[in-house]
Amino acid sequence: MFAVIKSGGRQYKVSVGQQLEVNRLPVEDGAQVKFEEVLLISDADTSMIGAPFVENAMVLATAVKQDRGEKLVVFRYKAKKRIRHRKGHRQELTILSIDDIVANGKSLITGEAPTEREQGTPAEDELAAPVASTETERAETEATDTQAEEKTSRRRRTAKVEDTESKAEEE
């Protein structure tokens, strides 16, 4: 059993248990990825061909790690002109492990509904601002907040009229 999926403008023939290198995807390691752009699913006795995609089909994969491909050397030159350009390039990749192929709401491996894992979203506690427990901590956090508000840019500030007047009075 295999499926043909589309990812990053390329088509890949995948089967369950296979490891696959695709262009970098914005997922964390261990997160589950759903490919809903399935072009073809073939089993021992049936084949489903999409026009352009197969209805109610998806491929579930797990992101194993983020990696970089081999270095490719790009060498351009013009003969007899002393023009030579040498560049290197390494493609950013995500390595995926194919977990399941799903068609019409059923897994083609087990025949049951697929089990999707929770995405690695941060908990609400992590999103909320930290709560200061003592009054000194609260005062410190307020002081840092006001310092952050005062510092607006990295450019050199010009002297304000009020600052120059106060300096003149001090002298």
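The values are calculated or read from the model by the stated rules, or taken from the named source; none is laboratory data. From a predicted model like this one, the values you see are computed outputs, not experimental measurements. Backbone-built Cβ (ideal geometry, glycine too); neighbour counts: all protein chains shown. Surface areas here come from the heavy atoms of the whole protein model, side chains and all, with no ligands, DNA or RNA. Shrake-Rupley method; radii C 1.70, N 1.55, O 1.52, S 1.80 Å.
Taking the residues in the range 21-52 that are free of Cβ contacts under 8 Å to residues at least 24 places away in the same chain and among the acidic types (D, E) as candidates, determine which candidate is most open to solvent (accessible area, probe 1.4 Å).
D45
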Which strands (runs of 3 or more DSSP E) sit wholly inside the range 26-65 and have at least 2 residues that are closer than 20 Å to E92 by Cα? 32-35
Search result, residues across the range 53-105 that are of a type in the set (A, V, I, L, M, F, W, C), touching a residue at least 60 places away in the same chain (Cβ under 8 Å) and in contact with a Leu (Cβ under 8 Å, 6 or more places away or on another chain): I95, L96, I98, I101
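Name the single residue that is nearest to R90 (Cα to Cα) among those in the range 1-20 being part of a strand (DSSP E or B) and open to solvent by less than 50 Å² (accessible area, probe 1.4 Å).
L20
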